[in-house]
Amino acid sequence: MNKMNLPNKLTIFRVILILPFVVILLGGEAGWLGANRLIPDLIALAIFIVASLTDLIDGKIARKYNLVTNFGKFMDPLADKLLVCAALIALVELGRIPAWVVIVIISREFIISGFRLIAADNNVVIAANYWGKFKTTFQMVMVCLMIADLGAMFSWMRLLTDIVMWIALILTVVSLVDYLVKNKDVMKDTK
């Protein structure tokens, strides 16, 4: 059995960070971690940023040192989806993002994942495209802004957070349409 390489360890680390991230974020709001919500929010933000950076680092290392594995191809995007979806669901619980926005974002992820499964069944690999990468970047920035929750202190931060949320939402829909249009042949029944 092969040892797990560094990019795959970083992916597993990202998945492991989801639990303390959610517990600290929700626990801070619930008062489990004291009356001051700012400290747990900042800790949760730091964990989310570290987890997000592992996504950037593991991919660069895997490509640079030819450490791309089937495990990594499967787990890396799954870890990203788990991290972002867990954050978004927690933020709905905290009242920092409308549920309908989260439903649109998570629905897109399920649709693309299903689409990729159909493609894989037909021996077609659908790689991430620029729209998807922009979408992920804006979603992660949006989550960071919502975790920090500085809109209560600075009205311009509330406006910035709302603008980033709308851009992330638009990119979510655009990237979905782009994937479906560019890969429409995957849906044709070849049997």
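Restricting to region 1-54, name every residue that is within 22 Å of Val68 (Cβ to Cβ), open to solvent by 90 Å² or more (accessible area, probe 1.4 Å) and not in a helix (DSSP H, G or I).
Met1, Asn2, Lys3 - these are the residues of region 1-54 that are within 22 Å of Val68 (Cβ to Cβ), open to solvent by 90 Å² or more (accessible area, probe 1.4 Å) and not in a helix (DSSP H, G or I).
Being assigned to a helix (DSSP H, G or I), surrounded by fewer than 18 Cβ atoms within 10 Å (Cβ to Cβ) and without any contact (Cβ under 8 Å) to a residue 24 or more places away in the chain is the filter here, so list the residues in region 103-131 that pass it.
Ile103, Ile106, Ser107, Phe110, Gly114, Leu117, Ala120, Asp121, Tyr130
Scanning for something part of a loop (DSSP other than H, G, I, E, B), open to solvent by 20 Å² or more (accessible area, probe 1.4 Å) and at positive phi, does region 69-81 turn up at least one residue?
First, the residues of region 69-81 that are part of a loop (DSSP other than H, G, I, E, B): 69.
From what is left, the residues that are open to solvent by 20 Å² or more (accessible area, probe 1.4 Å) are 69.
Adding the requirement that they be at positive phi leaves none.
Looking through region 69-81, none of the residues is part of a loop (DSSP other than H, G, I, E, B), open to solvent by 20 Å² or more (accessible area, probe 1.4 Å) and at positive phi.
When you scan region 132-191, how many residues do you find that are in a helix (DSSP H, G or I), polar (S, T, N, Q) and open to solvent by less than 60 Å² (accessible area, probe 1.4 Å)?
Residues that pass the stated criteria total 5.
Taking Leu82 as meeting all but one of (1) touching a residue at least 40 places away in the same chain (Cβ under 8 Å); (2) in contact with a Ser or Thr (Cβ under 6 Å, 6 or more places away or on another chain), write down the number of the exception.
(2)
With (1) assigned to a loop (DSSP other than H, G, I, E, B); (2) surrounded by 21 or more Cβ atoms within 10 Å (Cβ to Cβ) as the list, and Val84 as the residue in question, which single condition is left unmet?
Val84 satisfies all of (1) assigned to a loop (DSSP other than H, G, I, E, B); (2) surrounded by 21 or more Cβ atoms within 10 Å (Cβ to Cβ) except (1).
State the number of residues belonging to region 57-91 that are of a type in the set (Lys, Arg) and in contact with a Pro (Cβ under 6 Å, 6 or more places away or on another chain).
Applying the first criterion (of a type in the set (Lys, Arg)) to region 57-91 yields 60, 63-64, 73, 81.
Of the ones still in play, those that are also in contact with a Pro (Cβ under 6 Å, 6 or more places away or on another chain) are none.
The qualifying residues number 0.
What are the pairs with Cβ atoms under 8 angstrom where one residue, in region 12-23, is closer than 10 Å to Phe48 by Cβ and the other, located anywhere, is open to solvent by 50 Å² or more (accessible area, probe 1.4 Å) and of a type in the set (A, V, I, L, M)? Sequence gap at least six, or different chains.
Between residues of region 12-23 that are closer than 10 Å to Phe48 by Cβ and residues that are open to solvent by 50 Å² or more (accessible area, probe 1.4 Å) and of a type in the set (A, V, I, L, M), the close pairs are Leu17/Val50; Ile18/Leu82.
Do the conditions hold for Asp76, that is, is it in contact with a helix residue (DSSP H, G or I) (Cβ under 9 Å, 6 or more places away or on another chain), among the acidic types (Asp, Glu), in contact (Cβ under 8 Å) with a residue 24 or more places away in the chain and under 16 Å from Gln139 (Cα atoms)? So that I can check it myself, show each step before the final result.
Working: in contact with a helix residue (DSSP H, G or I) (Cβ under 9 Å, 6 or more places away or on another chain): yes; among the acidic types (Asp, Glu): yes; in contact (Cβ under 8 Å) with a residue 24 or more places away in the chain: yes; under 16 Å from Gln139 (Cα atoms): no.
In short, no.
The values are calculated or read from the model by the stated rules, or taken from the named source; none is laboratory data. For clarity, every value in this text was computed on a predicted model and none was experimentally measured. For neighbour counting, all protein chains shown are included, and Cβ atoms are generated from backbone atoms with ideal geometry for every residue, glycine included. For the accessible areas, the whole protein counts, side chains as well, though only heavy atoms, and no ligand, DNA or RNA atoms are used. Shrake-Rupley method; radii C 1.70, N 1.55, O 1.52, S 1.80 Å.
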